Amino acid sequence: MRYNFNEIEANWQKYWADNQTFKAENNSDKEKFYVLDMFPYPSGAGLHVGHPLGYIASDIYARYKRHKGYNVLHPQGYDSFGLPAEQYAIQTGQHPAITTAANIKTYRRQLDQLGFSFDWSREVRTSDPKYYKWTQWVFVQLFNSWYNKDTNKAEDIETLVSKFSSDGNVEVNAVCDEDVGEFSGADWNSFSSKEQQEILLKYRLAYLADTEVNWCPALGTVLANDEIINGVSERGGHPVIRKKMTQWSMRISAYAQRLLDGLDTIDWPQPLKDSQTNWIGRSQGASVTFYTVTSSGVDKRYPIEVFTTRPDTIFGASFMTLAPEHELVAKITLSEQKAEVDAYIEATAKRSERDRMADVKSISGAFTGAYAEHPFTKKPIPIWIGDYVLAGYGTGAVMSVPCGDQRDWDFAKHFNIPIPNIFEGIDISEEAFADKEKSVIANSDFLNGLPYKKAVKTAIYELEKLGQGEGKINYRLRDAVFSRQRYWGEPFPVYYVDGMPQMIATEHLPIELPEVEKYLPTETGEPPLGNATYWAWDSASNEVVANEKIDHKTVFPLDLNTMPGWAGSSQYFNRYMDPHNEAEIFSKAAIDYWQDVDLYIGGIEHATGHLLYSRFWQKFMFDRGYVPQDEFAKKMINQGMITGTSAFIYREEKTARLISKGLVADKKVTPIHADVSLVNASDELDIEGFQKWQPDYKDAEFELENGKYIVGREVEKMSKSKYNVVNPDDIVKEYGADSLRLYEMFLGPLEQSKPWNTSGITGVHGFLKKLWKLFHSGENGTFYVTDSHSSVGGQGEGPSADMLKSLHKTIKKVEEDIENFSFNTSVSTFMICVNELTAQKCTSRAILEPLAILVSPYAPHIAEELWKKLGHSESIAIATFPTFEPQHLVESSKEYPISFNGKMRFKIELPAEMSKEDIEAAVMAHEKTQQQLAGRTPKKVIVVPGKIVNIVG
RNA sequence: GCUCGAGUGGUGGAAUUGGUAGACACGUUGGACUUAAAAUCCAAUGGACAUUAGUCCGUAUGGGUUCAAGUCCCAUCUCGAGUACCA
């Protein structure tokens, strides 16, 4: 009887769906285990073989944990808001909801055919109003919160209001905008409601502010820092410019230190932690205040605050540099320098972010004519502006120490500014000396002779005495812009009264996305929601009404922006715990039971986006008492990418002939992608198929080698445009889902990226066939299993000692491998096991039953089929994972005295199944080892057949 | 530039705390079965010499520690990922 995988798989998938086999209960006496995948964005292209890699791994782990007796939560859903559906809508007029629904259908079919054990009853979609109701709700909670530095957590905004009305803001230690002035309790109470609202906005965790944003004209929207790669947009690669706009922002900077500290408490991959650490960019140093010198012609003693990590080099500061955008520039520039400075500012503003980054080498700047007083020497130092100082980092101003910083050195050299040397015995005539650990300070008054660390401390101490500085920690992490000028995203539950944002109460949520005729920005440049005619809020009836009813008395305009992609993905892992709850985001009982994610598998590309924002939201939710854990995922695994193996044909430039790879030599050729499905395993091109696929080459002349056209190969990212996409549907049809699952695991370590190569799948497919054949006798194809449970190694039809050994070796290895996520080596272990059992013609139930359970996480369908044939009525999903019983390998270990060369004696520990003679033979075979052992007296030598495993002592 | 990570056959990759390097699989070659093909099964497969036994060389390169190094240490080279005027 043939191994008919297609039939078997379809049957079991239906059985699992009909019986809701993988439904997780929120009430269970079992210990919980939560295995989470990053939910997919349902793109129009469907899945390729690279996408399910992480899902297969998490499914293996989830099934394994179920076998181990855990109540496993393994949900799946869709991150279904996003740009591609919107752009498709712009081009075709098709509503994004329709394309999204169609794409989800394809995804679901593709996921189902791979046999995943998802609990689909908990499916969420971020674009579903029932879901985004709670995304909007979290936003409202953020709006209604502020960050108290004294308690080091987020608190209800009402606690801030009551502080303001009793004592003003002087005693309040909050994370807030920098431009809040001081006021007393009496002041606060005398402010108008609008003034109060304006002040509160500067404290809220979700706040509205005029911020300089990354504006992408081509996409017509702003982008967060993590959505920009090398100065162009991540999606589409369009240029990005700086622009001031009123935007919603998230005060994630309040959590910078906690986001760093939290990394020590979670088991996440080191590269991922490193990239979050770099992104947060903590740097410890000092803030120093310089004052402008009035005698140089400036009208006032303006303070200029700078941030430095090297306060020890303060005596080497020979000038200051301000960012061209710095607000003081206009105030301090002397009239004779004004023309030059203005020209420079204008020139910088014109340069796009990209130009500025591409052109790091060229040095430019302008002198303001003003001077600042050095805090210690009291000597005047010139104030310059230069675009190497960034407005967005620190205070946008630096004290320039050319002898200790290469950029300052280059700037000083270029503009002929003196470079005083403050390092003992260091030559700085060719470059700056930045190695702080090796520096000893000189020419620096009270810092002379001090090493780096002491010098820093002393400098800060002296600055504090002067009242001109203090130790400070600076973070690179900026607040996250939260508004997008797009259609296909969560609308804000916000309307505006007198220009001030008002939140819509929970009971009136969700605010559903309005219908629009066009998905493009309006002619006046408003976001796409500006096209909606039914988009105003009636605060009397609490409902969305038509724009024409706006009267600014009870009917007000709604916010025209939508939320960014990461909004919906920042709380989905918690919503899965109680996805159908309409009264709460999740019940207390549900979150208390499930707590957090035990294993999260997904791509590292979300390191500074989704994964950072989600940690921020979780910490916020923790502060406000909604969740019991302040990190949402205990363990994280980043699966590698499966790359494609592209095929190339070579067109000779002059003749347009298509030349086989081996004949190209040094001819000038253009490589052209060929569809990988037209190439066989020996890299031979199906010429006829190729011409059918690309009719342009119908008459092309092919230059063959040995009558074949051989293509070139290159490993690239799998993508439609490279014609190297392998569709899992095709693989499943030909080899079955179990083969695909096994093969993706067999391909290599989970965390590593590796190229796809379809021809290798025959190896694991052969394994499954062998497993099948083991218990189906050849002639009539009947299922055959010996039921005898006679003793180990005994006569009759029970399992032999060798069979038990094969099985238990496998149990041990597979269990260890699953716990370590080394799925590739456990697949090899299965193959060895089945080969050994086949050689021994094993038909014993006592071997087959545990083996079926063992294999079932990897190849669930065939395992279920065997399980059923063994006479079980329940699904294998609830079977118990076999335990390793070492007595089948080694019944006991004894110690034997062994002598070498008649001289040395030591005891060895050996398995009972080996005779003393065997051991001696094994040891003697290692002549080298013997020689090397001479002169030492090991306490113990651990031996397995033919091998010395360890020498102790 | 900085921060991580990695270099093992023709290929993907194995190798517990240092303990027979190359498991397992692909590919290749030869054989069996077949009219033929597919499928299946068997054998060989790091290199060199020897073809019976065997010997020598081999984990990017050069050193070092150790009885013993793919594994630990130092230096160099190469590749990959992230980040980039962050003061």
Kirkwood Rh in Å, taken over segment A:464-577 so that all alpha-carbon pairs contribute: 16.5 Å
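What number comes out for the charge environment of A:S439, summing +1 per Lys or Arg and -1 per Asp or Glu over other residues with Cβ under 10 Å away? Working shown, then result.
Working: positive: A:R310, A:K436, A:K438; negative: A:D312, A:E424, A:D435, A:E437.
Cβ neighbours under 10 Å give a net charge of -1.
Placing unit charges on C-beta atoms (Lys and Arg positive, Asp and Glu negative, everything else neutral), compute the dipole magnitude of segment A:275-335 about its Cα centre in debye, rounded to 20. If you can, show how the numbers build up before the last one.
Working: 5 positive and 5 negative charges, 17 e Å.
Computed charge dipole of segment A:275-335: roughly 80 debye.
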Rounded to whole Hz, the Karplus (6.51, -1.76, 1.60) HN-Hα couplings of segment A:4-9, x for glycine and proline: 8, 5, 4, 5, 4, 5
Interchain or long-range residues, amide H under 5 Å from A:Y534's placed H: A:N547
Dipole of chain A [Lys/Arg +1, Asp/Glu -1 at C-beta], most positive-end residue of A:N727, A:A317, A:W867: A:W867
Spherically averaged projected area of chain A from its Cα convex hull (nm²): 54.7 nm²
Inter-label distance, nm, simple model (7 Å from Cα along the C-beta direction), A:Q840/A:H414: 7.6 nm
Interchain or long-range residues, amide H under 5 Å from A:H776's placed H: A:Y784
Rounded FRET efficiency, nearest 0.05, which uses the C-beta distance separating A:T883 from A:L334 and R0 of 60 Å: 0.10
Å² of accessible area per residue within segment A:64-128, as computed with a 1.4 Å probe and no ligands counted: 34 Å²
Listed residue (A:A633, A:Q502, A:H552) projecting farthest to the positive dipole end of chain A, Cβ model: A:A633
Segment A:354-437: trypsin sites (Lys or Arg not before Pro) in DSSP loop, at most 12 other beta carbons within 10 Å: A:K361, A:K378
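Within 10 Å of each candidate Cβ there may be at most 14 other Cβ atoms; applying that plus a DSSP loop requirement, which chymotrypsin sites (Phe, Trp or Tyr not before Pro) in segment A:532-568 survive?
Numbers: sites: A:Y534, A:W535, A:W537, A:W566; in loops: A:Y534, A:W535.
Within segment A:532-568, the qualifying chymotrypsin sites (Phe, Trp or Tyr not before Pro) (loop, at most 14 other Cβ atoms within 10 Å) are A:Y534.
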Segment A:205-300, dipole about Cα centre (Lys/Arg Cβ +1, Asp/Glu Cβ -1), debye to the nearest 20: 300 debye
Whole-Hz ³J(HN,Hα) from phi, Karplus 6.51 cos²θ - 1.76 cosθ + 1.60, for segment A:739-744, glycine and proline x: 5, 4, 4, 4, 5, 4
Label-point separation in nm, A:N4 to A:S800, each point 7 Å along Cα→Cβ: 3.4 nm
Accessible-area value, A:S822, 1.4 Å probe, nucleic acids and ligands omitted, Å²: 40 Å²
Evaluated over segment A:202-306, the Cα radius of gyration and Dmax, each in Å: 19.1, 59
Label-point gap, in nm, between A:D498 and A:L390 - each point 7 angstrom along Cα→Cβ: 4.0 nm
Built amide H within the under 5 Å cut-off of A:V497, gap 5+: A:Q502
Mean-position separation - Cα centroids, segment A:96-141 and segment A:499-575, in angstrom: 22 Å
Spatial separation of Cα centroids for segment A:239-287 and segment A:814-835, in angstrom: 39 Å
0 to 90° range, to nearest 10: angle between helix A:823-839 axis and chain A longest Cα axis: 0 degrees
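With +1 assigned to the C-beta of every Lys and Arg and -1 to the C-beta of every Asp and Glu, and no other charges, what is the dipole magnitude of chain A about the Cα centre in debye, to the nearest 20?
2320 debye
Solvent-accessible area per residue for segment A:617-664 at a 1.4 Å probe radius, Å²? Intermediate values should be presented prior to the final figure.
Working: 1750 Å² over 48 residues.
Computed with neighbouring chains in place, this is 36 Å² per residue.
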Among A:P755, A:C176, A:T533 - extreme Cα towards positive end, dipole of chain A, charges at beta-carbon: A:P755
Exceeding the 31 Å Cα-Cα cut-off - candidates A:K243/A:K379; A:K105/A:K812; A:K668/A:K717; A:K300/A:K436; A:K153/A:K634: A:K243/A:K379; A:K105/A:K812; A:K300/A:K436
Rounded Å value of the spacing that divides the Cα centres of segment A:366-392 and segment A:429-450: 21 Å
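In whole percent, and with a 1.4 Å probe on the protein chains, what portion of the accessible area of chain A is carbon and sulfur? Let's see the in-between values first.
Working: 20960 of 43170 Å².
Carbon and sulfur together cover 49 percent of it.
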Förster radius 22 Å - calculated FRET efficiency between A:D150 and A:E182, Cβ distance, rounded to 0.05: 0.80
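Using only Cα atoms, what is the ratio of the radius of gyration of segment A:572-632 to 2.2 N^0.38 Å? Write down the numbers at each step before the final one.
Numbers: Rg = 11.9 Å, N = 61, 2.2 N^0.38 = 10.5 Å.
So segment A:572-632 has a normalised radius of gyration of 1.14.
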A:S539-A:I157 FRET efficiency (beta carbon distance; Förster radius 25 Å; 0.05 resolution): 0.80
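Which length gain, in nm to one decimal place, applies between A:R478 and A:I90 when the Cα-Cα distance is subtracted from 0.36 nm times their residue separation?
Details: separation 388, 0.36 × 388 = 139.68 nm, distance 3.20 nm.
Difference between extended and current length: 136.5 nm.
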Extended-chain gain in nm, criterion 0.36 nm per residue less alpha-carbon gap, A:K465 and A:A101: 124.4 nm
Principal axes of segment A:264-317: Cα extent on each, largest first, Å: 59, 22, 15
Nearest-ten-degree value, helix A:801-819 long axis tilted from longest Cα axis of chain A: 10 degrees
Tilt relative to chain A, helix A:610-623 - C-alpha long axis, 0 to 90 degrees, to 10: 70 degrees
Under Karplus coefficients 6.51, -1.76 and 1.60, residue-wise ³J(HN,Hα) of segment A:174-186 in Hz, glycine/proline x: 10, 8, 8, 4, 7, 9, 7, x, 8, 8, 9, x, 5
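The values are calculated or read from the model by the stated rules, or taken from the named source; none is laboratory data. The shown structure was predicted, so the numbers you read here are calculated from the model rather than taken from an experiment. A quick note on method: Cβ atoms are made from the backbone with ideal geometry, for glycine too, and the neighbour counts reach across all protein chains shown. Note: areas computed on protein heavy atoms with side chains; ligands, DNA, RNA excluded. Shrake-Rupley method; radii C 1.70, N 1.55, O 1.52, S 1.80 Å.
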